[in-house]
Amino acid sequence: QVQLVESGGGLVQAGGSLKLSCAAPARIFSVNVMGWYRQAPGKQRELVAAIRPGGSTDYADSVKGRFTISRDNAKNIVNLQMNSLKPEDTGVYYCAGGWSSIMVQALVDYWGQGTQVTVSS
């Protein structure tokens, strides 16, 4: 049963922007960390960004300065604003949530179904 619902993926030209959103039930949104992973064709799934209830964030080096993760606690939504997109950002983006204090794939408790992001050159 899908408990995290992503939206906002699509096709964009290099240099453009997209905003992804992840809606979660309140009982899941209260986890210790939520974040976004992505998986490019033929590659392993990798962490893109994570955010904790207090607002502290982590980013992959490849997206620092371009992506911003945020959370709307009133609406139980986690957003990922992606600017200056590059073709190498192409992939399926997954929302994730976990009770662990760190965002590690093996410790993720909840996954979304994924949303495709395609960046054309």
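The values are calculated or read from the model by the stated rules, or taken from the named source; none is laboratory data. Everything numeric in this text was worked out from a predicted model, so none of it was measured. In this analysis, Cβ positions are derived from the backbone assuming ideal geometry, glycine residues included, and neighbour counts consider all displayed protein chains. Note: accessible area is taken over every heavy atom of the protein model, side chains too, but ligands, DNA and RNA are not part of it. Shrake-Rupley method; radii C 1.70, N 1.55, O 1.52, S 1.80 Å.
For this structure, a couple of remarks:
- Among the residues of the range 8-41, those that are β-branched (Val, Ile, Thr) and not in a strand (DSSP E or B) comprise ILE28, VAL31.
- Cross-chain or 6+ apart pairs with Cβ under 6 Å, the range 52-81 first and farther than 19 Å from ARG38 by Cα, then surrounded by 17 or more Cβ atoms within 10 Å (Cβ to Cβ): ASN76/ALA24; ASN76/PHE29
- Among residues of the range 70-98, those that are touching a strand residue (DSSP E or B) at 6+ places or on another chain (Cβ under 8 Å) and in a loop (DSSP other than H, G, I, E, B), counted: 6
- For VAL104, the requirement of being modelled with pLDDT under 95, at negative phi, open to solvent by less than 80 Å² (accessible area, probe 1.4 Å) and β-branched (Val, Ile, Thr) is met.
- Residues that are farther than 18 Å from PRO41 by Cβ and more than 11 Å from the chain's Cα centre (by Cα) were ranked within the range 61-70; the one that is least open to solvent (accessible area, probe 1.4 Å) is VAL63.
- When restricted to residues that are open to solvent by 10 Å² or more (accessible area, probe 1.4 Å), in contact (Cβ under 8 Å) with a residue 40 or more places away in the chain and farther than 10 Å from GLY91 by Cα, the range 30-49 contains 2.
- Among the residues of the range 78-101, those identified as among the hydrophobic types (A, V, I, L, M, F, W, C), more than 18 Å from GLN44 (Cα to Cα) and buried (at least 18 other Cβ atoms within 10 Å of the Cβ) are VAL78, LEU80, MET82, LEU85.
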